[in-house]
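Worksheet for the structure shown next.
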Amino acid sequence: MSLGKMEGQLCFECLQRRIKSDFAERLVFCYGVSDSLSALPLGSSAVVQVPYLSLSLSLSMTFGLMEVGGVLVQMSNPSGEGSASQFLLDYIPSQDHSCLTKYVNEYVGENLEEKRNTCGFENASQDQIEGRVGIPGDETTSSSSNDGQKNSFENSTCNHSVRFSCLKTITALAPIAHVGICSYLSFEELVANYLSGSLEDHILCSLSLLIEGKASGRDSINFLGLLGIPSFEENNFPGSLRHPNIAPVIGMLKTSGYTSLVRPRAPYTLENILHYSPNTLKSEWHIKFLIYQILSALSYIHGLGVAHGNLCPSHIMLTNSCWSWLSICDKSWLGFNSSTRHNEHTDTTPAKIGCCIEGCPSQGLYADLKLSSSIEWHSDFYRWWRGEMSNFEYLLILNRLAGRRWGDHTFHTIMPWVIDFSTKPDENSDAGWRDLSKSKWRLAKGDEQLDFTYSTSEFPHHVSDECLSELAVCSYKARRLPLSVLRTAVRSVYEPNEYPSTMQRLYQWTPDECIPEFYCDPQIFSSLHAGMTDLSVPSWAGSPEEFIKIHRDALESDRVSHQIHHWVDITFGYKMSGQAAVAAKNVMLPSSEPTSPRNCRVPVGINLNYLLERIEVEGEGSMGYQDLLLWRQRSFSSGISSKKAAEDIFSVGCILAELYLRKPLFDSTSLALYFESGILPCLMQELPPHTKVFVEACIEKDWMRRPSAKSLLDSPHFPGTIKSSYLFLSPLQLLAEDVSRLRYAAGFAKQGALKTMGTFAAEMCAPYCLPIVATPLSDTEAEWAYILLKEFIKCLTPKAVKTLILPAIQKILQATGYSHLKVSILQDSFVREIWNRVGKQAYLNTIHPLVISNLYVAPQRSSAAAASVLLIGSSEELGVPITIHQTILPLIHCFGKGLSTDGIDVLVRIGGLLGEVFIIKQLLPLLKNVVRNCIEASYVKKPEPVQSWSALALIDCLVAIDGLAGFLPSKVVVKELIYDGSFLHVMILMQKNLEFAVLQVAATTLMAVCQRIGPDLTAAHVLPQLRELFDELAFSQEIGVGSAPLARILKVSKPKIQGEAQIESRMDLADRETSTVLCNMVASGAISSAVSWLEGESSRSSPENKRPVFSKGSTSEYNPAKLLLNGVGWSIPQSQGARGTKYLIPQRWIYDVHKNPVEMDSSTADFMKHEPWFWFPSPASSWDGPDFLGRVGGVKDELPWKIRASIIYSVRAHHGALRSLAVCPDECTVFTAGIGPGFKGTIQKWDLTRINCISGYYGHEEVVNDICVLSSSGRIASCDGTIHVWNSRTGKLISVIAEPSADNSHLASPLSPVSKVNTEQPNILNSNTLSSGILTGAFDGSLYTCMHHLAFADMLVVGTGNGSLRFIDISRGQKLHLWKGESVDYGFHSLVSALCSCGSDSMQGDGTSASPSWIAAGLSTGHCRLFDLRSKNVISSWRAHDGYVTKLAAPDDHLLVSSSHDRTLRIWDLRRHAPCHLGIHVVRSILPPLWWVVMNWPPQSTIFKGHTDGVSGFSLWGQDVITISKNRIGLTSLSKSADEDPRVLPLKLYVADNGTKNLSVLTSISILPFSRLFLVGTEDGYLRICC
């Protein structure tokens, strides 16, 4: 592997000085990048940045604009990955015969040296040295005086292309590059053009016009030619459009002795991915898609008559989405010498190592190194082992082999710390030496902390960061790096005193390893920044130079040489994984982040229909191996264009093999052997068969027999989904504006592209499209984004919608400020599409909480209005329980914390929509509780803003109550608000601790109540309760207006009433309140009541003789009201601004209530029984009171479920035992399976809205053991020894599945008579309720015992009586494969009693259910078995319980929960506690990374005890578990560890109405998580609803 010639390279210090000189010190030098194979800080490339670009970019995210060069530029997303703030600057030496030099000189038009000699290099202004900037191929960039030169150059033959001139070749490879004189203004202009997204925007606009059927011009046709439309051609004439897989060169700037190439910096290279994050390429499809992109770029390059010549992983750049760019900036025709190829002899002559600039201080730094110009690891290792190579040199080679590069702060070269700097190193003393057998992380953290981290983490690990992080590198080099780099990588605020000032402090501060600069470069100690002192060397070193010498000598000492292999093993070797990593406490936390114009001869008939035909993916099965072999035979005659092109194809084969093998296919020995004798390396046998054929074709020994890039692209190795996805996605990678990108993607999708390419290809395209949907700036972009989202929802599978689309929608809803797209998403029609695709559960988990957050988290008016309409419209369909727990309670918990007026409007309108009974039974009790608890909270002094929350919550609550009163008849208002023993308004007015604003709202709403019920009811019910209030006001002292904090929050004004002065005293308020009430009553003819009331007032003797009488719910202390209302109908502002009068006295938006209140009082009970959800109790009794006032978390976190073990409602569902429950996702429908008349199995369908049995299925002749809801289409599967699949809507049987030896009586049809079976059998099965109807003794092994639905594949996996598993295709009603378990010698077969799959019971935030990797089966003997879904083998079997396993569940990929007759519940953590004979090779294939490290430990579990009888079942909700045992339930949590003495808390169920105990034996349980309810079935056939 060639290091490349080091002559002509610059050290990074000289490179930085050169860049400062060329760009007038205005360009920020971030860091230098060493050349591809260099192990030293030498190179010709640097990462640079325009000053203040980061700040400008952050502002552009808000305003979409930035200023570059004094010009306001519209910002875009040029590469589809987020605006790039950093660029790569490549210095290519100018040579007389260089094609690039000639090319640039031609278009610059004037000689740079003459310009600088005339103007003076040092004193030349930017304007003086500025040259003409232009794009090659643009006629305006060339002066007439140079026409003759240009023509001769254009017609000359290129030294590297056998077909075209330099002009055409370079223009085709870098068509968008601006050519000009090197200056800062030129660079700034390049950056502005790139960030504006205008460079290739015209191509995307042309494609959109083509799709829309409009005149589009030639750009779209020419670009499609690059993508293989109609086919890939290798003899086309080059044009001026960039291939989407060739890295864009945006500038070629001429400077003295060099040409500077400017290109955007990609975040990764394929080399980074292979070394540090190989799992980024998630599947075989992604690997093929990457190779297809590389081949497409090579096909284009080879068509120009040139070859890449140095194709390797480091030259394949990857964006964040893993779209590939092939780097061409190191081509020999761009100025470098030809690269050494695999089959050429390598020059091993030592080259002069160092900077090429004469007098450079760094020239002597590496003079003593013995690095050759090639890296041959085996020979270098033996040289080091024999002492012919220093430790420092050997470590540099290891770094290069590991993909680390000097100067790249993310993957910087690493060295060990060998001393701790406490004392001068002395080989004769142990003091001061570092222990190299332990990692620096371990030394810094300590073994105790690492053990704790490993044992308590979800993914066991010791090390949570890189051994050398970017933060550490930049901190080490802080004194030499630009401040802009420090602000980006270390801390946004530059604080020089926070950086370690001494070497010893630096060593103690960091858990990271060292960098080579501390062993060779004394300049690293010198600071370039004012305020940051030089890094101090230890006292035993007199100068940085002396320290470097001592430090380097310590690295090369015998002590270190004898231990360095330990450090190498930890950092680069076998101690990074497996048991060795566990022993060395070096297990890494697995990363979750991925670490990617041409004139063609094409048919003029290309249009939308033609594109849809090309993008269509026909039904694809597995790729035909024979087809691939036939292609292999034909490829021999494909005709590779040249030997150089054949070498590129060889490199493609090696890269493809490395992507599969995770290691290089060849080393130097096997490569030489292959070219000599044709013997392929043994690693070829590890490749999949199809890939092996493809790789063999690419690396064919005879280069003339290797297929061309075009032939490879057309091979059957690439399925149609690859080609259709490539056609759809390539235009999105152009340097264009976001609006153009969205227009193209949405327009093409709307015309049917996603539907045509199929669900799989659409799923693969989604991650590339969704980033541009997240933050549209304009309304036009929002419209296109909305269309694209809708098309993806229509075309993707439900699982893909959950994993891809819902997270994108979440990000949109979480954005603050106005968003037209957010408003569109909050429309009812869009949400219903989500419901139809993924169900209401996924919506409630992911979207619903964010809809509510738009009403209280910095609510924006349009978004809040849309969210409120959505919540109101969906409430009736969701049902009362879900609406209460998922909408009403979250909104009430937002009272006082910034809830918008639209949020209160939601409560009021839902009350009006769901009716009078809902308001009386559900809403008013909750709101009354809020009032009482807020009053109690007002007596406790709390810090702000918690203290103000109580007052603000009271205001919100009063406004909501007043709004709801508008839907109730007058007498109902009197009964519920006044005559229930606690007149809330008076209670509030009598408090002395409440704020002035609260009292104003209470008085305002009180007067509104009086007006609503009329004078007669006011005189009869209101005035008596006001008597004590007015008495207290008359004899109380003046009290101030209220506390300042709340006044500042509310900004309460003091308005005048009818031009009169505002109220200033309590007596004024008493007079005004009395006169207002009396005036209203006089006008209504009810003065007699007022006179009687006043006479009662005058009969008092003294205030001391009359003490107040408090109504229920008021406080025990007498608290007179501070202040009263100064008028009627005035609304008080709340925390989000003034509420209009419509919220104080609302209209009846939905409908009017016409029922007479007197009639209602007499018939309330009967009326409620006919109302939907009549059985659902108000959650007010279990509401947690004032606790919510002190919580600041999200809505979802504020509402824990408090189980009360209370039976709300019971209904007799079956004549015999109720065996199984299955709840539909909407939580409104439940299926019960039990014993019916004649001991036959029956299934009932129940509507929970009114507890009605709406239909049933009666086709079973035996006891039904299990029931499963298969899909939203209404299919149900039920098991009685055979499987019946039937339609729940019609009751029609769809199919019956049974094993061949089953009794024919089990194949009964609901439409035909069947033979009778032994009538004692149901009784026998009924005798053991804990067996779920299955005997533990001898049993027919061919009968099905239980089942589990694999939703990802729409399959049933069914357990049998002989311990086997049968897979069933539901859609076809066909039996698939049968997995046989291990035989157990018990005299009879061990039947399968319970089933679950990996993660099937998880409650993930997005509602997703990933494809499981294993299935668990519980047996009647107490054993558990793990089946691998991929290998179809039993991978583990262990004794889990001492009795019959009754149920299994998998709440997470690594957890298994089991219950048994042995009275225990057990939790198995498969990451740490796996059966001892579980093979490491098997575990690697089925479990996530790091699990296999510990999977050979003996089986262990967390055991939950507490029940005195066998556990017959359980149900999960998050981390909570509800178990059933005999007639009790049990509560526990999965989060309890073995150290906490985990126990189940057994509870008896009580009937809510009368408190009687439930005596029935419980047989089944199911949780309704969103309704906060659970259902249980009993042995005597009852279905009970509990909370």
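The values are calculated or read from the model by the stated rules, or taken from the named source; none is laboratory data. All of these numbers come straight from a predicted model, not from anything done at the bench. Positions of Cβ are generated from backbone atoms using ideal geometry, with glycine treated the same way; all protein chains shown enter the neighbour counts. Calculation scope for accessible area: heavy atoms of the full protein, side chains included, ligands and nucleic acids excluded. Shrake-Rupley method; radii C 1.70, N 1.55, O 1.52, S 1.80 Å.
For the reader, a short list of remarks on this structure follows.
- Candidate set from the range 1260-1291 (those that are at pLDDT 90 or above and of a type in the set (G, A, S)); member that is surrounded by the fewest Cβ atoms within 10 Å (Cβ to Cβ): A1277
- Top-ranked residue of the range 2-55 - restricted to ones that are hydroxyl-bearing (S, T, Y) and modelled with pLDDT under 80, ranked as surrounded by the most Cβ atoms within 10 Å (Cβ to Cβ): S36
- Hey, S1402 in contact with an Asp or Glu (Cβ under 7 Å, 6 or more places away or on another chain) and either modelled with pLDDT of 85 or more or of a type in the set (S, T, N, Q) (or both) or not: yes
- Note on the range 163-180: among residues that are in contact with a helix residue (DSSP H, G or I) (Cβ under 6 Å, 6 or more places away or on another chain), surrounded by 24 or more Cβ atoms within 10 Å (Cβ to Cβ) and aliphatic (A, V, I, L, M), the one that is modelled with the highest pLDDT is V179.
- Here the condition is being open to solvent by less than 40 Å² (accessible area, probe 1.4 Å) and under 29 Å from the mean Cα position of the chain (by Cα); of L712, L735, it holds for L735 alone.
- The C-beta contact set for the range 1231-1258 (first residue closer than 17 Å to G1577 by Cβ, second residue open to solvent by 30 Å² or more (accessible area, probe 1.4 Å) and among the small types (G, A, S), distance under 6 angstrom, 6+ apart or interchain) comprises K1245/S1255.
Let's see how each residue does on (1) touching a helix residue (DSSP H, G or I) at 6+ places or on another chain (Cβ under 8 Å); (2) at pLDDT 90 or above; (3) among the hydrophobic types (A, V, I, L, M, F, W, C); (4) open to solvent by 20 Å² or more (accessible area, probe 1.4 Å):
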| position | (1), (2), (3), (4) |
| --- | --- |
| Y1344 | no, yes, no, no |
| L1356 | no, yes, yes, no |
| D1385 | no, no, no, yes |
| S1390 | no, no, no, no |
| C1396 | no, yes, yes, no |
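- Flag set for G752, criterion: out of contact with any Cys (no Cβ under 9 Å at 6 or more places or on another chain), closer than 30 Å to I722 by Cβ and either acidic (D, E) or open to solvent by 10 Å² or more (accessible area, probe 1.4 Å) (or both).
- Subset tally (residues that are part of a helix (DSSP H, G or I), open to solvent by 10 Å² or more (accessible area, probe 1.4 Å) and not hydrophobic (A, V, I, L, M, F, W, C)) for the range 648-673: 5
- Among the candidates G915, G879, G911, the residue that is of a type outside the set (D, E, K, R) and touching a Cys at 6+ places or on another chain (Cβ under 6 Å) is uniquely G879.
- Residue match in the range 542-549 (condition: modelled with pLDDT of 90 or more, surrounded by fewer than 19 Cβ atoms within 10 Å (Cβ to Cβ) and more than 20 Å from R505 (Cβ to Cβ)): yes
- Of the residues P416, P482, the single one that is modelled with pLDDT of 90 or more and not charged (D, E, K, R) is P416.
- Identification of strands (runs of 3 or more DSSP E) wholly contained in the range 1491-1587 with 1 or more residues that are over 30 Å from S577 (Cα atoms), small (G, A, S) and at pLDDT 90 or above yields 1513-1517, 1520-1525, 1528-1533, 1562-1568, 1573-1578.
- Residue in the range 1540-1556 that is over 15 Å from C1587 (Cβ atoms), open to solvent by 40 Å² or more (accessible area, probe 1.4 Å) and of a type in the set (D, E) present: yes
- Residues being modelled with pLDDT under 90, basic (K, R) and either within 22 Å of C894 (Cβ to Cβ) or open to solvent by 40 Å² or more (accessible area, probe 1.4 Å) (or both) are represented in the range 852-861 by at least one member.
- Filtered residue count, the range 934-963, keeping only those that are in contact with a helix residue (DSSP H, G or I) (Cβ under 8 Å, 6 or more places away or on another chain) and surrounded by fewer than 21 Cβ atoms within 10 Å (Cβ to Cβ): 7
- Candidates L481, L450, L471, L443 - the one that is open to solvent by less than 20 Å² (accessible area, probe 1.4 Å) and within 19 Å of I515 (Cβ to Cβ): L481
- Scanning the range 177-196 for residues that are under 13 Å from L27 (Cβ atoms), touching a strand residue (DSSP E or B) at 6+ places or on another chain (Cβ under 9 Å) and not charged (D, E, K, R) returns C182, S183, S186, F187, L190, V191.
Residues checked against (1) in contact with a Gly (Cβ under 6 Å, 6 or more places away or on another chain); (2) outside any helix (DSSP H, G or I):
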site	(1), (2)
Y366	yes, yes
R383	no, no
E388	no, yes
E393	no, no
S422	yes, yes
N428	no, yes
